[in-house]
Amino acid sequence: MSELLRVDNLSVYYGYVNALQNVSIHVNEGEIITLIGGNGAGKTTTLMSISNLVDKAEGRVTFRGEDITRKAPDKIVKMGISHVPEGRKIFPQLTVYENLVAGTFGKPGTTKERMNQLMEQNFVLFPRLKERAKQAGGSLSGGEQQMLAIARGLMMDPALIMLDEPSLGLAPIIVEEIFELILRIREGGTTVLLIEQNASMALSIADRGYVLETGKMTLTGTGAELAVNEDVKKAYLGA
Amino acid sequence: MEYFLNQLVNGLSQGAIYALMAIGYSVIVGVVGMVTFTYGEIMMIGAFGAYYVFQFVGVNLPLALLAAFASSFVLGIIVYKLCYERFFNAPRHISLLCTIGFSMLIKNLVQIVFGPEAKPVLNIIDNRTFSIPLGGAVSIDLKLLQIVIMALVVVLAVTLTLFFNRTKSGVALRAVSQNKEAAYLMGINVKRTAMLGNCIGCGFGGIAGILLAIYYYTISTTTWGGFSMKAFSASVLGGLVDLRMSALGGLFIGIIENLGITISSATFRDMFAFGFLILMLVIRPQGFASKKGSRV
């Protein structure tokens, strides 16, 4: 298994607030990795700094051995890192179809045939999007918007997809659907970096996990190890 | 009655130009995410670009329109680089102030370079008038100029709509105007796309500029601030970023102005335009746009 993404000693400040302190993670090809932690633990900030949407105070990010610490956000995407942001951030006035087209911008040189092929793959994963292809993105329900955001992220045919709280605010039945999807995405050959507050679900599908607490990495291990860890149980699994 | 109907026609054609200004303005506000106060001078530069085509090449309307679009487009690049890109992470009012300062600079620079006196723009479109009888003794006078203007605005608006809806760049531009952060995450070069959008908006302003000059038979170097405010007002009426609604806003301002002066004097033109804006905003602060289709 070769290493895909590596984050070393990452520190981020928002003003004087230390949002992340010396966080290091690595993601191997084909894995599902999860970052868990409570509100304000720095999970989203970690993803934002990988995509270089926030300024890093310290640290280094490499993707396939290449340093992307200071690379422009759009160029990072084009290297094959798809970031599905928290709160979905779909384009509300673009149709579902156009939202998906926007996803292909992340992979320059996508031919029309390839785009249609990816579109079809997505419609198999998310049949409801096909029904709503001509509707405005903003008119979808919350769960559908989340699916659209993930589908849009898959349209750039990424090597790594980073999902920020895909289950946030969704009904339990849809959450289960989304976690099943994540497994299928990995089967399709895409590596997954997943951020979740729903720790039990996340750990149940993850190969490895990292626990973040107020900007610091406190624990790491395989999904199964973390799921039975007493501290994790107490803090995040409600046991 | 006849006077009233004719003023309605005048209002429609002037409103068409305002609509074009408003479309350009809304494109800029959408992709840049900020209002601009250089728009009047952008229109002026477009008008001058076309004026010099008339001077040196002769009366060639398509070429003149192209020149207007191109000169405003280029000025758009400069405005973007100076006023927006440099202050990307600065508080928003910095860019705003920069556009105000830049507008003064251009206004005065133009007076130094091209002279402060107004330039005549005559005989571009011949003065033919069609009289359309409406039954009885009532008829409407329709000038060829007005037909050309309305047709041109419709063609440009349709072209822009097709560009926004049918091309990849169009989808990228709309994505940037809806959510910049998400646009970054789609791999869109947001800065370059925003610049392109800014320049397209400016180009439309430039064409509106030369149309105004043809309509009034003159290019002044000082009256553009007022037109800039009308573009802004029309855009506000349409909710600032909705192109269709902004165009409607422009059309309305044109009609209200021209109907307003039928009951008073042409001196009060602007009073009706801005009075309408204030009244509208008091009654319906969100402008014409409805919130339909955005559930989120």
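Things worth noting here:
- One residue from B:Gly24, B:Gly30, B:Gly76, B:Gly46 being part of a helix (DSSP H, G or I), within 20 Å of B:Tyr217 (Cβ to Cβ) and touching a residue at least 40 places away in the same chain (Cβ under 8 Å): B:Gly46
- Across region B:130-177, the qualifying residues are those that are among the polar types (S, T, N, Q) and within 19 Å of B:Ala19 (Cα to Cα), and the one among them that is surrounded by the most Cβ atoms within 10 Å (Cβ to Cβ) is B:Gln146.
- When the test is whether a residue is under 30 Å from A:Val84 (Cβ atoms) and either free of Cβ contacts under 8 Å to residues at least 24 places away in the same chain or aliphatic (A, V, I, L, M) (or both), B:Val190 passes it.
- Counted residues, region A:66-89 - those being more than 7 Å from every other protein chain (Cβ to nearest Cβ) and either surrounded by 22 or more Cβ atoms within 10 Å (Cβ to Cβ) or not in a helix (DSSP H, G or I) (or both): 16
- Look at (1) touching a residue at least 12 places away in the same chain (Cβ under 8 Å); (2) touching a Gly at 6+ places or on another chain (Cβ under 7 Å) and you find that B:Thr221 fails only one, number (2).
- Residues of region B:178-207 that turn out to be within 23 Å of B:Leu20 (Cβ to Cβ), buried (at least 24 other Cβ atoms within 10 Å of the Cβ) and within 14 Å of chain A (Cβ to nearest Cβ), as a count: 1
- Candidate set: region A:90-102, residues that are more than 9 Å from chain B (Cβ to nearest Cβ) and either of a type in the set (Val, Ile, Thr) or touching a strand residue (DSSP E or B) at 6+ places or on another chain (Cβ under 8 Å) (or both); chosen: the one nearest to A:Arg6 (Cα to Cα): A:Val96
- Segments classed as helices (runs of 4 or more DSSP H), wholly inside region B:208-296, with at least 1 members that are of a type in the set (Phe, Trp, Tyr) and over 24 Å from B:Ser103 (Cα atoms): B:243-260, B:269-283
- The set of residues in region B:112-144 being farther than 18 Å from B:Ala68 by Cα, in contact (Cβ under 8 Å) with a residue 12 or more places away in the chain and not in a loop (DSSP other than H, G, I, E, B) consists of B:Thr129, B:Phe130, B:Ser139, B:Ile140, B:Asp141, B:Leu142, B:Lys143, B:Leu144.
- Residue within region A:127-136 that is under 29 Å from A:Ala171 (Cβ atoms), at the interface with chain B (Cβ under 9 Å from one of its Cβ atoms) and in contact with a Pro (Cβ under 9 Å, 6 or more places away or on another chain) present: yes
Taken together, the values in this text are just the output of simple stated rules run on the coordinates, not laboratory data. Values in this document were obtained by computation on a predicted structure and should not be read as measured data. Virtual Cβ from ideal backbone geometry, glycine too; neighbours counted across all protein chains shown.
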